[in-house]
Amino acid sequence: MDFLRPASWEEALAAKAEHPTAVPIAGGTDVMVEINFDHRRPEYLLDLNRVGDLYEWEVGEESVRLGASVPYTQIMEHLRTELPGLALASHTVASPQIRNRGGVGGNLGTASPAGDAHPALLAAGAEVEVESVRGSRRIPIDEFYTGVKRNALAPDELIRAVHINKADGPQQYSKVGTRNAMVIAVCAFGLALHPGTRTVRTGIGSAAPTPIRAKAAEEFLNAALEEGGFWDNGKIITPSVAKQFAELCSGACNPIDDVRGTASYRRHAVGVMARRTLTWTWESYRGTAARTEGVA
Amino acid sequence: MRVNFTVNGRPQEADDVWEGESLLYVLRERLGLPGSKNACEQGECGSCTVRLDGVPVCACLVAAGQVEGREVVTVEGLADYAKQRAEHGGCASGACGTSVDEAQRWQARGQDSQTGEGTELSPIQQAFIDAGAVQCGFCTPGLLVAADEMLERNPNPSDADIREALSGNLCRCTGYEKIMDAVRLAAARQGEAV
Ligand SMILES: Cc1cc2nc3c(=O)[nH]c(=O)nc-3n(C[C@H](O)[C@H](O)[C@H](O)COP(=O)(O)OP(=O)(O)OC[C@H]3O[C@@H](n4cnc5c(N)ncnc54)[C@H](O)[C@@H]3O)c2cc1C
Ligand code: FES
Ligand code: FES
């Protein structure tokens, strides 16, 4: 095995171009488990810890450019306002020790259907900025996950950053597991209200071969909210609408039975989380809307 | 490969390190510092917790090559680390963490920060003993490092803060209550000292 230690982004890209089989290692919280248990014996490890750019973030007008290696702890501490869904999801990852090392770049690299960042990214709307010596491109998050633990990266590409839309409304993240810490999701659900565009977006984890959006559920809800004038009148969402939204979210799942839970449990739990997160975010939207009107 | 890094304030050099080796293995097997425990090697138990540039991490999940040039504090250096922090006024004066400057000052002191011999215990270590928070002791080093770091950031933790900070450390013996007692005790003593 060789340990490649690029000192800059350009060096990292050059190393990846020269050795496309090299395995990048950022926080190491996925890679080292595989090496410790001899599940993986890569020819080259490509250490990204020295590439300072990957640890930086920038808050722009519309979006946050989050460096691939920014650890979850920093997201929780510094980006709670701009990226509430991702901050909540980050807080559910493993333990403080793991959150101090692991980040979204590694979560995307592994692309596990259970990765906690994914539902939050899908719900907020995001693009993954990837680069190789051939050039840079942005992959819409909906096109990033291509199969079980597979993503759209070419062998010579590295993830540089993720551009995540700043929250323009309430966001929530919900996860089912056996305890509060150190839990890989049985299933998970992210929801973001986008009052700006009058849309709702979702993200589902651990209930299909890849992280997915419940698109039919989103379309149904968007239409129902529009029809009922809910965005303007700020009324409580009709229970039948919430129920159908939840059912459509369950229906979007294509889960498996495994040690963590059965497929039917996952479908059920996703429906429950969909209804709850919708209620939580909508209550918070109504609260804000009422306050804004009061002031005006 | 060779790895140069600072351990408990002193420069160390580890030779013949395999490229896929963990920091935990280097500490225990190459530097003879068995304080950090190896229980799961997959980040689940926290018994290998050390500070890497001040931040608590699982040493079993850090590749040895990633610590080149960086600073590691293990349980063996905790007493000295806590003493330095106390003498320099804690976080408010910016004396927290393991700056190069501080590391150099540590070097000048006539004590063995590798084994901790000749050094007093840190307040958190003393509190664990006084509260009866140590049974078999396997989880203790990781808990000490994690708890000490929390008290550095948050001198008046609520029970929820303590549980959160220690949520990555498993103990199979105590049932955690005495560990909670120990951290509360250390926080209270820290409060009195100020
Ligand atoms: C005990 C434990 C508990 C965990 N619990 C959770 C949990 O609750 N939720 C969760 O989502 N995850 C969990 N994980 C998994 C892991 O912590 C996350 O997936 C984390 O986000 C990985 O980030 P990292 O920086 O440590 O990745 P690494 O291990 O460094 O890398 C992961 C993968 O991404 C690739 N990669 C890393 N950076 C880049 C880059 N810039 N460009 C291209 N490829 C890259 C690597 O080659 C590798 O394939 C847990 C892990 C452990 C050990
Ligand atoms: S040995 Fe590292 S977390 Fe268990
Ligand atoms: S005292 Fe035995 S594991 Fe904690």
Roughly how many debye, to the nearest 20, is the charge dipole of the protein assembly as shown about its Cα centre, given +1 on each Lys and Arg Cβ, -1 on each Asp and Glu Cβ, and no other charges? 1380
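For residue A:138 and residue A:226, FRET efficiency with R0 = 30 Å and r from the beta-carbon atoms, rounded to 0.05? Walk me through the intermediate numbers first.
Values: r = 30 Å, r/R0 = 0.99.
Efficiency for this residue pair is about 0.50.
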Could you size up the charge dipole of the range A:171-285 around its Cα centre, putting +1 on the beta carbon of Lys and Arg and -1 on that of Asp and Glu, and report it in debye to the nearest 20? 340
Working only with C-alpha atoms, what are the Rg and Dmax values of the range B:1-83, expressed in angstrom? 11.5, 35
For the protein assembly as shown, take every pair of Cα atoms, bin their distances at 10 Å starting from 0, and report each bin as a whole percent. 4, 19, 26, 24, 17, 8, 2, 0
Which one, A:205, A:193, A:246, projects farthest toward the positive side of the charge dipole computed for the range A:171-285 from Cβ point charges (K/R +1, D/E -1)? A:205
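Report the antiparallel proportion of the DSSP beta bridges in the protein assembly as shown as a percent, rounded to a multiple of 5. Please list the in-between numbers first.
On the way: 50 of 58 bridges.
In the protein assembly as shown, approximately 85 percent of DSSP beta bridges are antiparallel ones.
Just the number, please: carbon plus sulfur as a percent of the accessible area of the protein assembly as shown, 1.4 Å probe, no ligands or DNA/RNA counted. Present the calculation step by step, with values, prior to reporting the outcome.
Numbers: 10290 of 20950 Å².
Carbon and sulfur: 49 percent of the exposed surface of the protein assembly as shown.
Full-extension gain between residue A:21 and residue A:279, please, as 0.36 nm times their residue separation minus the C-alpha to C-alpha distance. It would help to have the intermediate numbers written out before the result.
Details: separation 258, 0.36 × 258 = 92.88 nm, distance 4.61 nm.
This chain segment gains 88.3 nm when fully extended.
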What quantity of accessible surface, computed with a 1.4 Å probe and excluding non-protein components, is buried in total between chains A and B, in Å² to the nearest 100? 2400
Asserting the computed 222 nm helical MRE of chain A (DSSP H runs at least 4 long, -39500 (n - 2.57) per run, divided by residue count, to nearest 500) equals -11500 deg cm²/dmol
Straight-line reach only, C-alpha to C-alpha below 30 angstrom: list the lysines that residue B:83 could link to, leaving out same-chain residues fewer than 8 apart. B:37, B:178
Go through A:45, B:59, A:140 and say which Cα lies farthest out towards the positive end of the charge dipole of the protein assembly as shown; charges sit on Cβ, +1 for Lys and Arg, -1 for Asp and Glu. A:140
Spatially proximal lysines relative to residue A:215 (Cα-Cα < 27 Å; intrachain offsets below 8 disregarded): A:149, A:166, A:175, A:235, A:243
If I take R0 = 45 Å and measure r between the Cβ atoms of residue A:43 and residue B:120 in this structure, what FRET efficiency does the formula 1/(1 + (r/R0)^6) give, to the nearest 0.05? 0.40
Can you list the residues of the range B:26-57 whose accessible area drops by at least 20 Å² going from the chain on its own to the full set of protein chains, with a 1.4 Å probe? B:41, B:42, B:43, B:44, B:55, B:56, B:57
Considering the dipole of the protein assembly as shown built from charges on the beta carbon (Lys and Arg +1, Asp and Glu -1) around the Cα centre, which of B:40, B:88, A:32 is farthest to its positive end? B:40
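When only C-alpha pairs under 8 Å and at least 6 residues apart count, what is the relative contact order of the range A:171-285, in percent? Write down the numbers at each step before the final one.
On the way: 186 pairs, mean separation 32.3, N = 115.
Relative contact order for the range A:171-285 comes out at 28 percent.
Could you order peptides A:42-55, B:135-148 by the average number of other Cβ atoms within 10 Å of their residues, highest first?
B:135-148, A:42-55
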How do A:133, A:241, A:104 stack up against each other in accessible area, from largest to smallest, with a 1.4 angstrom probe? A:133, A:241, A:104
Expected output for the range B:154-194, residues with a loss of 30 Å² or more in accessible area relative to the chain alone at probe 1.4 Å, reads B:164, B:167, B:168
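Give me the dipole magnitude in Debye, nearest 20, for the range B:128-194 about the Cα centre, with unit charges on the beta carbon: positive for Lys and Arg, negative for Asp and Glu. Present the calculation step by step, with values, prior to reporting the outcome.
On the way: 6 positive and 10 negative charges, 36 e Å.
Value, rounded to 20: 180 debye.
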Excluding ligands and nucleic acids, what accessible area in Å² is computed for residue A:23 using a 1.4 Å probe, to the nearest 10? 10
Starting from the 7 Å offset along Cα-to-Cβ, what nm value, one decimal, do you get for the label separation of residue A:61 and residue A:152? 2.4
Log10 I(q)/I(0) at q = 0.12, 0.13, 0.16, 0.24 Å⁻¹ for the range A:183-285, from Debye over equal alpha-carbon scatterers, is -0.37, -0.43, -0.63, -1.25
Would you mind getting the accessible area per residue of the range A:171-285, heavy atoms of the protein chains only, 1.4 Å probe, in Å²? 45
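The values are calculated or read from the model by the stated rules, or taken from the named source; none is laboratory data. Just so we're clear, the structure is a prediction, and the values are computed from it rather than from any experiment. All Cβ positions, even for glycine, are placed from backbone atoms using ideal geometry, and neighbour counts span all protein chains on display. What goes into the accessible areas is simple: the full protein's heavy atoms, side chains included, and nothing from ligands, DNA or RNA. Shrake-Rupley method; radii C 1.70, N 1.55, O 1.52, S 1.80 Å.
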